[in-house]
Amino acid sequence: MKIQFMKDASVTILKKNINTIIDNYKSNDSAWISDITKTDDNFGMLNKEFPDFDLIISDNPEKDDLENMKIIYSNLKDLSDSQASDERLWAGLAHTKFWNYMQKRWPIPDNNKNENFILQHYFFNNGAARSLLLNGLARLWWYARLSYDETNLILHTTIILQ
């Protein structure tokens, strides 16, 4: 599968207007993005093929984090650290392929902190280093990346078999 990333201009527009588009993050799909950005050209494609995969979405999504870490890392292990540090990659995946996962795992709370919640989980907020561990998808990849030990034959076999 080709991975979609969100273009810089689209990231900027969505983040800049976050306080007026919060309700869109509660919708069943992300088709509304084109209405906000006034273009259908919001996403680009990484010039690399990856296996097609889905993340586990259950009624207790936080309990699936370990399995989802294995799934996302084993399928996207060919990302460079530079690519995996790029907000556009994770914003693109959060707003396309993994929109339903994000809706289930990181539902928008009904309080006055919705803007920061969306910025942290769907984008990068407060600097890249911390954001890599707060973004709803980047955190899965980076936790796996930082804890994966290729010399551990049992763990290595488990990830390869995913």
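Here are a few things to note about the model shown:
- Flag if LEU55 is in a loop (DSSP other than H, G, I, E, B), open to solvent by less than 30 Å² (accessible area, probe 1.4 Å) and hydrophobic (A, V, I, L, M, F, W, C): yes
- Restricting the first member to region 134-162 and to residues that are on the phi > 0 side of the Ramachandran plot, and the second to residues that are at pLDDT 90 or above and acidic (Asp, Glu), no beta-carbon pair is closer than 7 Å while six or more apart or on different chains.
- Some residue of region 71-90 being surrounded by 15 or more Cβ atoms within 10 Å (Cβ to Cβ), among the polar types (S, T, N, Q) and without any contact (Cβ under 8 Å) to a residue 24 or more places away in the chain: no
- THR12 falls short on exactly one of the conditions (1) outside any loop (DSSP other than H, G, I, E, B); (2) open to solvent by less than 70 Å² (accessible area, probe 1.4 Å), and that condition is (2).
- Some residue of region 92-109 being surrounded by fewer than 20 Cβ atoms within 10 Å (Cβ to Cβ) and over 19 Å from TRP32 (Cβ atoms): yes
- Scope region 17-35; condition in a helix (DSSP H, G or I), among the β-branched types (Val, Ile, Thr) and either open to solvent by less than 50 Å² (accessible area, probe 1.4 Å) or touching a His at 6+ places or on another chain (Cβ under 8 Å) (or both); matching residues: ILE18, ILE22, ILE33
- The C-beta contact set for region 21-50 (first residue of a type in the set (Phe, Trp, Tyr), second residue open to solvent by 30 Å² or more (accessible area, probe 1.4 Å) and not in a helix (DSSP H, G or I), distance under 9 angstrom, 6+ apart or interchain) comprises PHE43/GLN4; PHE43/PHE5; PHE43/LYS7; PHE43/THR96; PHE50/MET1; PHE50/LYS2; PHE50/ASP78.
The values are calculated or read from the model by the stated rules, or taken from the named source; none is laboratory data. For clarity, every value in this text was computed on a predicted model and none was experimentally measured. Methodologically, a virtual Cβ is constructed for each residue, glycine included, from the backbone with ideal geometry; neighbour enumeration extends over all protein chains shown. Areas reflect the complete protein model, heavy atoms only, side chains present, ligands, DNA and RNA absent. Shrake-Rupley method; radii C 1.70, N 1.55, O 1.52, S 1.80 Å.
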